[in-house]
Amino acid sequence: MTSIGIISLRIKGILGETDKGVELMEKLSVIVPCYNEEETINLFYQEIKKVVKDMKIKLELLFINDGSSDKTLEVIKELSDDKDVKYISFSRNFGKEAAMWAGLNMASGDYVTIMDSDLQDPPSLLPEMLNIIKNENYDIVGTRRVTRKGEPVIRSFFARCFYKLINKMSKVEMVDGARDFRLMSRQVVDSILTLKEYNRYSKGLFSFVGFKTKWLEYENIKRVAGESKWSFWKLFVYAIDGIVAFTTIPLTISVLIGFLFCLIAFAMILVVIVKTLIFGDPTSGWPSLACIIFLVSGIQLLCVGVIGEYLSKMYLEVKNRPIYIIKETNIKEK
Ligand code: UDP
Ligand code: MG
């Protein structure tokens with residue numbers, strides 16, 4: 001046998017019988033949380049396949065069916081004839097945070113991204129994002145919406161207020177308009193996987209791990225089909241989760257308010273004593289008393305509520321329940 005033949009046999013031995021070019025290729029994992037997305041998945045699949053085909057990278061499409069009640073799972077299963085398509089189906093709806101966490105745990109790519117299936121996160125940005133990580137020495141390429149066109153005005157207003165507030169209170173920076181759509185290197189993903197907390201607020205967790213991040217900006221795009229799963233109330237609760245998860249300043253504010261009210265009460269006691277000594281003890285003044293009782297008890301309830309929020313999160317954390325439960329998957333092992 002010629003020496004070239006021996007070398008090629010050795011290469012086959014190391015790389016397996018498959019094409020060595022494919023084996024050496026890097027892999028991109030795309031995590032797609034899906035909740036009642038039967039109308040959008042096929043469109044997303046076609047689009048992402050088209051984009052990744054020209055990227056000279058292996059694709060791993062990880063669909064996470066988050067307890068959908070429509071035909072989402074059936075649609076995903078039909079696509080899974082394609083060997084690039086993997087899926088995990090939850091036993092119920094655990095929320096997008098749980099779906100993203102499951103995806104990060106299962107992803108095996110050298111680069112990992114999270115995308116909505118409604119094409120609001122444009123796949124066409126992926127080649128540029130990959131290029132930035134590979135050639136410009138960044139670890140994360142995030143995307144942010146510069147406009148909130150198509151969103152109800154009141155929602156945009158509260159969203160802006162929320163970002164201003166949380167950035168004042170928390171040391172971890174939350175970027176206004178930042179989407180969950182971001183491309184991360186394996187090192188970043190491994191760092192996120194070390195944060196195993198139950199109450200997950202990914203926008204904060206992504207910032208918490210640090211690393212060099214570049215932001216790409218784009219105009220808001222409307223969903224291709226279906227409806228947003230986020231009601232105003234859900235977003236409000238999510239905002240509270242974010243605040244509780246990333247800052248304890250509300251507790252400090254409660255202490256300060258308590259202290260301020262003690263000072264006011266002390267001054268009022270002095271005023272009442274002096275007034276009684278000089279003018280006697282008139283019985284008027286009950287309306288103001290009623291107002292004060294209302295105000296003070298309201299503030300007390302508020303502060304107890306703030307403590308309760310932190311306590312409830314601790315309660316859930318201590319119980320150590322799983323973040324998601326898998327009912328079905330085509331992933332053999334990781
Ligand atoms: N999603 C999910 N579980 C949920 C809610 C949403 O997996 O409980 C998915 C949803 O299918 C979509 C993504 O998260 O792919 C973003 O949801 P949506 O488009 O409704 O949010 P928006 O883009 O309006 O912020
Ligand atoms: Mg969306």
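Against the main long axis of the alpha-carbon atoms of the chain, helix 41-53 sits at an angle near 60°.
Rolling a 1.4 Å probe across the protein heavy atoms gives the chain an accessible surface of 59 Å² per residue. Within the chain, DSSP assigns beta bridges of which about 30% are antiparallel (rounded to the nearest 5). The Cβ shell under 13 Å around residue 214 holds other residues with a net charge of 0, Lys and Arg each +1, Asp and Glu each -1. As I understand it, the value is the acute angle between the Cα axis of helix 96-106 and the longest principal axis of the Cα atoms of the chain; what does it come to in degrees, rounded to 10? Roughly 40 degrees, rounded to the nearest 10.
As a fraction of the 1.4 Å probe accessible area of segment 93-178, surface on carbon and sulfur atoms comes out at 54 percent. Computed extension length for residue 235-residue 193: 12.6 nm, one decimal, from 0.36 nm per residue of separation with the Cα-Cα distance subtracted. When the helices of the chain are scored as -39500 (n - 2.57) per DSSP H run of n ≥ 4 and the total is divided over every residue, the value at 222 nm lands at -16500 deg cm²/dmol. If one takes the longest principal axis of the Cα atoms in the chain, at what angle in degrees, from 0 to 90 and to the nearest 10, does the Cα axis of helix 3-15 lie? Value to nearest ten degrees: 30.
Surface composition of segment 196-314: carbon and sulfur make up 76 percent of the accessible area, probe 1.4 Å.
When the inverse distances between all different Cα atoms of segment 76-214 are averaged and flipped, the Kirkwood radius reads 16.6 angstrom. Mean separation of Cα pairs under 8 Å and 6 or more residues apart, divided by the residue count, gives the chain a relative contact order of 21 percent. Normalised by 2.2 N^0.38 Å, with N the number of residues, the alpha-carbon radius of gyration of segment 18-98 equals 1.17.
Checking every one of the chymotrypsin sites (Phe, Trp or Tyr not before Pro) in segment 205-280 against DSSP loop status and a limit of 16 other Cβ atoms within 10 Å picks out 211, 230.
Expressed per residue, the C-alpha convex hull volume of segment 209-289 stands at 232 Å³. Built from the Cα atoms of the chain, the convex hull projects on average onto 23.8 nm², one quarter of its surface area. Pairs of Lys residues in segment 154-260, spaced 8 or more positions apart or belonging to different chains, with C-alpha separations under 21 angstrom: 13 in total. In the frame of its principal axes, segment 259-334 has Cα extents of 86, 21, 14 Å, reported largest first. Most simply put, segment 118-274 has about 40% antiparallel DSSP beta bridges, counting only bridges with both residues inside it.
Computed from the Cβ-Cβ distance with R0 of 56 Å, the FRET efficiency linking residue 301 to residue 105 stands at 0.90. Quick one: pull the percentage of alpha-carbon pairs in segment 54-122 with a separation above 14 Å. Percentage above 14 Å: 62.
The values are calculated or read from the model by the stated rules, or taken from the named source; none is laboratory data. Everything numeric in this text was worked out from a predicted model, so none of it was measured. Reconstructed Cβ throughout: ideal geometry from the backbone, glycine too, with neighbour counts over all protein chains shown. SASA here: full protein model, heavy atoms, side chains in, ligands and nucleic acids out. Shrake-Rupley method; radii C 1.70, N 1.55, O 1.52, S 1.80 Å.
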